[in-house]
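Here is the structure we will look at, set down as structure tokens.
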Amino acid sequence: MDETISPLPEVYDYVVVGAGSAGCPLVARLLSEPGVTVLLVEAGGSNDREDIRDFTQSWKLTQPDSGVDWGYKSEPQPELLDRAQSYSAGKVLGGSSSINGMVWVRGHKDDFDGWAAQGCTGWGYESVLPSFMTLETYLAGDPAYHGTMGPIVPTAEFTSKNELSKGVLDAVMKLGYPLNQDYNGASPYGVGFTQLNVDVETGARQDAFTKFVKPLLSNLNLTIKTLARVKRITFDANRKVDKVLIDVNGAEIAVRARREVVLCTGTVNTPQLLMLSGIGSAAELAMHGIEHVADVPGVGQNLQDHLISVVVKKLRMPNAPSHITTMDVSIFTNGAPGAVNGPPRFEVQSYYMRYGWSDYPSEALALGCINLHPTSRGQVKLRSADPREAPIIEPNFLGTAEDWATQLEGYKMIRQIINAPELLAWVEDAEHTPGPTVVTDDQLKEALRKYSEADFHPVGTCKMGVGPSAVVDPELRVRGVTGLRVAGAAIMPTIVSGNTNAASMMIGDRCARLMLGKG
Ligand SMILES: Cc1cc2nc3c(=O)[nH]c(=O)nc-3n(C[C@H](O)[C@H](O)[C@H](O)COP(=O)(O)OP(=O)(O)OC[C@H]3O[C@@H](n4cnc5c(N)ncnc54)[C@H](O)[C@@H]3O)c2cc1C
């Protein structure tokens, strides 16, 4: 891997920008084609660090001085007491998969069928399932849904082995939620131990770089350039990609792709890079003095994200030191335990909190509820034409009455669960957060404003589709230009029913299949 400013060969078959969740499986599949040359460009550096490998240290990686996080903040959120939200994203080989919580969730079949119904032909569940299956090896599940040869080997081994998580699971089942031993199988509904993409033998994180690209480092057709930030793509008179301009320590390097360039640069950076390259709303680009190459007004629009709201109770006694996970138990539900129509509306995660943070106590149990399908839409806009300046991030959390109602419904549901007599062997009688004096809907809404946070699942700013608001077509080609595609969370037209890493990896794999004509 080249971390210097030594000259690079100028031309490759493919230039892939961003070595994250989507970029890495994409590169691995492109290289399976004999003779194909690939340059992978990454703004961050090596992910060979103890705090990245050891999954119990993942909380450190989003700290301001971690050196592996873009460290973005949203604009103050009016519905959340003007609190700006952390918009962490990995700036390191492996991208956000190197700093994330490693919860392995695909989503619901209907999420993808919904994409297809919106005109994204080739993205229904039947079409994306082969990519999900190639990503992973999961022998404990139904082979109709799981692969047996893929590099990601998810496991519930760590989450199922401690008394607290077993206690929470039992209590939730007694409340009527059915046991689901594999929420990534036929249906996500019910309660189960959380699957983590963590190596069962070593406890090592299974990030996208380590699992998909590292095994290919001896392949002479692969060149990796780290600590190299793409600042702009240029186009020729026919609006075909010409050069990829890369900033390496202040020096500019230009490279070219004989075939295509793919941006796998995440939900915040991809629209920024497109706009800096002249692709976006012509009016917005003009405001920043950027000449437009293609007027694609959808760039940066359609931002969707999950908001998580927590309730907390102190544990009756300190928990066993052997308890090393936080996100132990996951519930996918429509609210009522038995209702299982369509994609689930809520995901509930249980957290064991050994140490307190913010206003929360140590040795506590927290339940967090996510409205899986928010209707609010936000945006990412340019702050300036300087690539080094962070873009403006406006998630617009709780921007619709419907989202308020759903978040409130979910909050009441997790409050019922944490206060259920079935859990009283584990937790104290009195609720810590939001607390027993919070009773009315108005009080609960105040608590939601205070105790809700962005859950690091931004998607949708380079929406795939067929209408005028789409940024890429169903083959992930950027509208209005040729030779350029986008892959990753940014292309999701609507957010999936779960955490977004597995679906981002699937998009990377599927993009490469489409590029190679093997879709
Ligand atoms: C703190 C945190 C916790 C999370 N927890 C979970 C979880 O437990 N489970 C889950 O499923 N999902 C989780 N997610 C979400 C999930 O990790 C992301 O949705 C997913 O990784 C997005 O993949 P991506 O390929 O779109 O982008 P990324 O993986 O972020 O990759 C983008 C890459 O592009 C690089 N890049 C950006 N701009 C440039 C440029 N101009 N030039 C060169 N390189 C560039 C970045 O440095 C990065 O490496 C979490 C995310 C975060 C941040």
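The values are calculated or read from the model by the stated rules, or taken from the named source; none is laboratory data. What you are looking at is a predicted structure, and each value in this text was computed from that prediction instead of being measured. Cβ coordinates were reconstructed from backbone atoms using ideal geometry, including for glycine residues, and neighbour counts include every protein chain displayed. Each accessible area value is taken on the protein alone, full model and side chains, heavy atoms only, with ligands, DNA and RNA left out. Shrake-Rupley method; radii C 1.70, N 1.55, O 1.52, S 1.80 Å.
Placing dummy labels 7 Å off each Cα toward the beta-carbon, the span from Lys240 to Gln63 is 5.1 nm. When only Cα pairs below 8 angstrom with a gap of at least 6 residues are kept, the chain shows a relative contact order of 22 percent. Based on the Kirkwood approach, the hydrodynamic radius assigned to the chain is 23.2 Å, with every pair of different Cα atoms included.
How much area per residue is accessible in the chain when the probe is 1.4 Å and only protein heavy atoms are counted (Å²)? It would help to have the intermediate numbers written out before the result.
Numbers: 19560 Å² over 519 residues.
Per-residue accessible area for the chain comes out at 38 Å².
Counting only alpha carbon atoms, the long axis of helix 125-135 and the longest principal axis of the chain meet at about 90°. Taking every protein chain into account, the 1.4 Å probe leaves Met492 with about 0 Å² of accessible area, to the nearest ten. Between region 310-324 and region 55-128, the alpha-carbon centres lie 26 Å apart. A full extension of the chain between Glu446 and Asp51 corresponds to an added length of 138.6 nm, given 0.36 nm per residue minus the alpha carbon distance. Amide H contacts for Lys73 (H built 1.01 Å from N in the peptide plane; partners 5 or more residues away or on another chain; cut-off under 5 Å): Tyr87. Each residue of region 322-336 is assigned a 3J(HN,Hα), and the resulting list reads 6, 7, 10, 9, 10, 8, 7, 10, 10, 10, 10, 8, 9, x, 7 Hz, derived from the Karplus form 6.51 cos²θ - 1.76 cosθ + 1.60 (θ = phi - 60°), x at Gly and Pro.
The loop-placed GluC sites (Glu not before Pro) in region 289-367, going by DSSP, that have at most 13 neighbouring Cβ atoms within 10 Å of their Cβ come out as Glu291. Computed from Cα atoms, the angle from the helix 163-174 axis to the main principal axis of the chain rounds to 80 degrees.
For Lys240, the lysines whose Cα falls under 18 Å of its own Cα, not counting residues fewer than eight places away in the same chain, are Lys231. Solvent-accessible area of the chain (1.4 angstrom probe, protein heavy atoms only): carbon and sulfur portion equals 53 percent. Compared with the dominant Cα axis of the chain, that is its longest principal axis, helix 441-451 is turned about 50°.
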